[in-house]
1. Which helices (runs of 4 or more DSSP H) does region 165-268 wholly contain that include 2 or more residues that are touching an Asp or Glu at 6+ places or on another chain (Cβ under 8 Å)?
2. Working only within region 260-294, note down all residues that are among the charged types (D, E, K, R) and under 18 Å from the mean Cα position of the chain (by Cα).
3. Could you grab me the full set of residues in region 28-43 that are within 16 Å of Gly89 (Cα to Cα) and either surrounded by 18 or more Cβ atoms within 10 Å (Cβ to Cβ) or away from the ligand (no atom under 11 Å from the Cβ) (or both)?
4. Scan region 67-97 for residues that are charged (D, E, K, R), within 25 Å of Leu137 (Cα to Cα) and either in a loop (DSSP other than H, G, I, E, B) or not assigned by TED's automatic domain parsing to the domain that holds Ser169 (or both) and jot them down.
5. Restricting region 113-164 to residues that are assigned to a loop (DSSP other than H, G, I, E, B), out of contact with any strand residue (DSSP E or B) (no Cβ under 7 Å at 6 or more places or on another chain) and of a type in the set (A, V, I, L, M), which is surrounded by the fewest Cβ atoms within 10 Å (Cβ to Cβ)?
6. Say whether the condition of being surrounded by fewer than 17 Cβ atoms within 10 Å (Cβ to Cβ), over 21 Å from Ile154 (Cα atoms) and either within 8 Å of the ligand (Cβ to nearest atom) or modelled with pLDDT under 95 (or both) is met by at least one residue in region 73-93.
7. Considering only region 143-164, state which residues are within 13 Å of the ligand (Cβ to nearest atom) and of a type outside the set (Gly, Ala, Ser).
8. Within region 98-112, track down each residue that is assigned to a helix (DSSP H, G or I) and either surrounded by 24 or more Cβ atoms within 10 Å (Cβ to Cβ) or among the basic types (Lys, Arg) (or both).
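The values are calculated or read from the model by the stated rules, or taken from the named source; none is laboratory data. Since the structure is predicted, the reported quantities are computational estimates derived from the model, not experimental observations. Note that we place each Cβ from the backbone using ideal geometry, even for glycine, and neighbour counts take in every protein chain shown.
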Amino acid sequence: MLTEKVEGAEVMEGSLVCPNCASTFPVIRGIPRFLRQALNAEQKATAAAFGYEWTHYSQLTEADRGEFLAWISPLTPADFKDEVVLDAGCGKGRHIYLAAQFGARTVVGVDLSDAVEAAFRNTRDLPNVHVIQADILDLPFHNPFSLAYSIGVIHHLPVPKQGFLALSSHVRPGGRISTWVYGKEGNRWIEQFVDPVRKNVTSRLPGVITRCLSFPPAVLLYAGLKLLYAPARTRPALKNSLPYADYLCSISEYTFAENFWNVFDQLVAPTAYYHSREEVTDWFNTAGIQQVKIERHNGNSWRGTGLMPLA
Ligand SMILES: C[S@@+](CC[C@H](N)C(=O)[O-])C[C@H]1O[C@@H](n2cnc3c(N)ncnc32)[C@H](O)[C@@H]1O
């Protein structure tokens, strides 16, 4: 390690020298940068989109904990105790912050984009949390993790199954893996009506323009959530009469900012896939994962967990 600037226990500027591969990786603003190859056009666009999102919406919120626990269920905070944890695609770091709170021994958050700047700032005071910039497909780790999760990331990769298998290869035998992805089931109207707009228009625009375009649908969504879906949470007859009710009721208590950035998130990604239960099951089976549990979440997504085989 070559050190140029240190603040407290943090090396802010310097470089990491790899004796085995004869490569040097810079540490910039406290974050080791492990991007070995130049990004291709799709990766660049993905990194630009999410870099914009998480550096402009970088605060941690009250909703984070409940959402995270719902995405990783049946895992609970107790499953993090003393584990060495990997968050693949950590965004602004909301889940690495929580993993540390849950008692993980070490937490490493990895992201391709400038989101790492926000993740670093949000977790800087936590000595057992480390943020690095790297590609899930080319992670710079020799030692495997005892718990790895990836929330809302695999479906944004060019070949999602390849990303899942890359992630699973960094979990030790007997270790746990957890992921949450968009479902094919329950997202037909998004695939039919929103996706063409995302693919052909909004993901190709500068972030600031997509942000402006997100405002009108966010206002409409927010009104619908407060007027219909929030009351429907306690009125089963109303809930049964509303479309997309499981998901929209689940976000109906969110603030305007949370809903606004959810809309932006849907519109900004250059790559997004919607996966069937069979596909997600196939990823787990191909990785040889045992005790697999794939569950539908909010009627429009899949959460999956299991244990890496011991042998
Ligand atoms: C929808 S965001 C989810 C962020 C975070 N998991 C969360 O739920 O707050 C997807 C994240 O995946 C990251 N990402 C996309 N492709 C990646 C790759 N190949 N390697 C690492 N991260 C990637 C993006 O930069 C972005 O921060």
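1. In region 165-268, the matching helices (runs of 4 or more DSSP H) lie at 256-268.
2. Listed by number, the list holds a single entry, Asp265.
3. Ile31, Pro32, Arg33, Phe34, Gln43
4. Scanning region 67-97 gives Glu83, Lys92.
5. Val159
6. Within region 73-93, the subset surrounded by fewer than 17 Cβ atoms within 10 Å (Cβ to Cβ) is 73-74, 76-78, 81-82.
In the following step, the residues that additionally are over 21 Å from Ile154 (Cα atoms) were identified as 76-78, 81-82.
Still in the list and also either within 8 Å of the ligand (Cβ to nearest atom) or modelled with pLDDT under 95 (or both): none.
Within region 73-93, not a single residue is surrounded by fewer than 17 Cβ atoms within 10 Å (Cβ to Cβ), over 21 Å from Ile154 (Cα atoms) and either within 8 Å of the ligand (Cβ to nearest atom) or modelled with pLDDT under 95 (or both).
7. Those that are within 13 Å of the ligand (Cβ to nearest atom) and of a type outside the set (Gly, Ala, Ser): Tyr149, Ile151, Val153, Ile154, His155, His156, Leu157, Pro158, Val159, Pro160, Gln162, Phe164.
8. Ala99
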